[in-house]
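Here is the structure we will look at, set down as structure tokens.
The values are calculated or read from the model by the stated rules, or taken from the named source; none is laboratory data. Here the structure is a predicted model, which means the values were calculated and not measured. Methodologically, a virtual Cβ is constructed for each residue, glycine included, from the backbone with ideal geometry; neighbour enumeration extends over all protein chains shown. Accessible surface areas use protein heavy atoms only, side chains included; no ligands, DNA or RNA. Shrake-Rupley method; radii C 1.70, N 1.55, O 1.52, S 1.80 Å.
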Amino acid sequence: MNEFAKLEVDGKTYELPIIEGTENEKAIDISKLRGATEGVIAIDPGFKNTGSTKSAITFLDGEKGILRYRGYPIEQLADSASFLEVAYLIIYGELPTANEYKEFRASITNHTLVHEDMKQFFEAYPAKAHPMGVLASMVCSLSTFYPESLDQDRADDAKDLTIHRLIAKLPTLAAWSYKNAMRHPFMYPKNDLDYCENFLHMMFAMPTSEYQMDQTVVSALNKLLILHADHEQNCSTSTVRIVGSSHANLYASVSAGISALWGPLHGGANQAVIEMLEKIAADGGDVDKWVAKAKDKSDSFRLMGFGHRVYKNFDPRATIIKVACDNVLEKMGVDDPLLDIAKKLEKVALEDEYFKARNLYPNVDFYSGIIYKAIGIPTEMFTVMFSIGRLPGWIGQWKEMMENNEPIGRPRQIYTGANERDYVSIEKR
Ligand code: SDX
């Protein structure tokens, strides 16, 4: 392939370098475009055709349904790794040795407690507070308890402590946002439990009763968190990167990512899927009616959990989660009619020309809520679960951006407003 792309503007021809990644992806480098063309820029709302960076963390192929973290196929990691192993891999670039993993786990375990003063923040929220609003605020507030996290020039071990604190405390903050909404007493982390077990303990144990740990549930949660751990330059990760590019601290950058993930077009879709399935069930389960609504341009209804910006084939995560759904519900003896509706919806949609023509397939959010629901996690906590899973990706991408000294993100625009005009006093308007 040529090393340059030729561009002709106003009769002049420009050569723009073409760069190639390790998986043979190609990009036209337009970083010098405005200067070379004396002011002409490119524009691409939603960045559907524009790369924001080069990254060595996650590779996905939307046409072939491939997803790998640092080269390891998601299928293998979901089957064989622990979530903390995958977090280490995404953040530090390699799978940890036994000793590295032991040290990493110990550090995470020793930082799961949240400063006691933060408990007052929870009590100030109304019971109906959406946990994503609580979580975004709490994560940003960590920067006030650990002001050293604002120093971008601190030593690497201090940077690691900031990272480990966040990985360790997010499940505690998440579980406490749930306990606060239930007006139940907060449960403290226990150092003898692993990452997923600890979260389930803090969510469902009470001072008067232990949570009966079910390894089927623990394993399903571990798998779900791994499947959500990173996904290259999605909306929330791009948010973390652009906030971090101003050299805002990690906690503030991740807090912004949590807010971006909350949107129903992004991570909020897993909550929207269950609400959609419940609406269809309440309406009598007429799947064909709702698929028709999703196709009707005059109807704002969308099939939540369907479609994807980059997967124009199946989302490999949805394939794994669908199988896990059947296994977990069967092992738990849960018979959820919403799963039957979801499967019918998928079947009808995938046979429908509208969805086929637009390459709309189930995405990661379509089945994940069925498992969260079977575990007993309330619907409003589903996107909080997505946040816990995506945290290593947000951290890894923020760290990569900082280590590569990437410039502050500041897109250009094309102005379409009024041309120059003079001020008119209010009496004359
Ligand atoms: C996540 O980017 C990531 O990697 C995200 C994520 C991650 O891990 O970080 O994978 C997680 O966010 C998954 C997506 C969750 N969102 C949803 O499930 C919400 C429903 N899906 C959509 O709204 C939509 O599919 C998006 C937002 C996911 C993608 O939107 P795009 O790429 O901007 O595509 P589009 O909205 O321009 O749609 C293209 C066409 C349109 O029709 P036409 O104008 O061509 O006639 O497809 C239609 C859309 O109307 N369409 C849908 C649809 N999704 C797209 N029609 C009905 N139901 C849908 N769900």
For the stretch 181-200 the number of residues that are surrounded by fewer than 22 Cβ atoms within 10 Å (Cβ to Cβ) and out of contact with any His (no Cβ under 8 Å at 6 or more places or on another chain) is 11
Have a look at L345, L391, L360 and point out the one that is surrounded by 20 or more Cβ atoms within 10 Å (Cβ to Cβ), outside any helix (DSSP H, G or I) and within 13 Å of the ligand (Cβ to nearest atom). L360
Hey, any hits in the stretch 374-382 for a residue that's touching a helix residue (DSSP H, G or I) at 6+ places or on another chain (Cβ under 6 Å), within 12 Å of the ligand (Cβ to nearest atom) and open to solvent by 10 Å² or more (accessible area, probe 1.4 Å)? no
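Do the conditions hold for M304, that is, is it in contact with a Pro (Cβ under 8 Å, 6 or more places away or on another chain) and either assigned to a loop (DSSP other than H, G, I, E, B) or surrounded by fewer than 17 Cβ atoms within 10 Å (Cβ to Cβ) (or both)? Can you show your working first?
Details: in contact with a Pro (Cβ under 8 Å, 6 or more places away or on another chain): yes; either assigned to a loop (DSSP other than H, G, I, E, B) or surrounded by fewer than 17 Cβ atoms within 10 Å (Cβ to Cβ) (or both): yes.
The answer is yes for M304.
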Taking first residues from the stretch 301-318 that are without any contact (Cβ under 8 Å) to a residue 60 or more places away in the chain and second residues anywhere that are more than 6 Å from the ligand (Cβ to nearest atom) and of a type in the set (A, V, I, L, M), the pairs with Cβ under 8 Å that are 6 or more apart or on different chains are L303/M276; L303/V291; L303/L345; L303/A349
When the residues of the stretch 234-259 are filtered to those that are under 21 Å from G305 (Cβ atoms) and not assigned by TED's automatic domain parsing to the domain that holds E85, which remaining residue is nearest to the ligand (Cβ to nearest atom)? N234
Top-ranked residue in the stretch 314-333 [being more than 8 Å from the ligand (Cβ to nearest atom) and open to solvent by less than 50 Å² (accessible area, probe 1.4 Å); ranked as farthest from I274 (Cα to Cα)]: P316
Residue hits (the stretch 121-168; part of a helix (DSSP H, G or I), polar (S, T, N, Q) and modelled with pLDDT under 95) are S149
Search result, residues across the stretch 265-300 that are open to solvent by less than 30 Å² (accessible area, probe 1.4 Å), more than 21 Å from H130 (Cβ to Cβ) and either part of a helix (DSSP H, G or I) or near the ligand (Cβ under 10 Å from one of its atoms) (or both): I280, V287, W290, V291, A294
Contact list please: Cβ distance under 9 Å, first residue in the stretch 357-376 and touching a residue at least 12 places away in the same chain (Cβ under 8 Å), second residue polar (S, T, N, Q) and more than 14 Å from the ligand (Cβ to nearest atom), pairs at least six apart or on different chains. G369/T379; Y372/T379; K373/T379
So which of V334, V273 ends up being modelled with pLDDT of 95 or more, more than 16 Å from R390 (Cβ to Cβ) and not aromatic (F, W, Y)? V273
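Select from the stretch 133-151 the residues that are among the small types (G, A, S) and farther than 20 Å from T383 by Cα and list them in ascending order.
Within the stretch 133-151, S143, S149 qualify.
Of the residues F355, F366, which single one is outside the structural domain of T172 (by TED's automatic domain parsing), farther than 30 Å from A56 by Cβ, within 16 Å of the ligand (Cβ to nearest atom) and open to solvent by less than 20 Å² (accessible area, probe 1.4 Å)?
Of F355, F366, the one residue that is outside the structural domain of T172 (by TED's automatic domain parsing), farther than 30 Å from A56 by Cβ, within 16 Å of the ligand (Cβ to nearest atom) and open to solvent by less than 20 Å² (accessible area, probe 1.4 Å) is F355.
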Regarding Y125, is this residue out of contact with any helix residue (DSSP H, G or I) (no Cβ under 6 Å at 6 or more places or on another chain) and either open to solvent by less than 70 Å² (accessible area, probe 1.4 Å) or free of Cβ contacts under 8 Å to residues at least 12 places away in the same chain (or both)? no
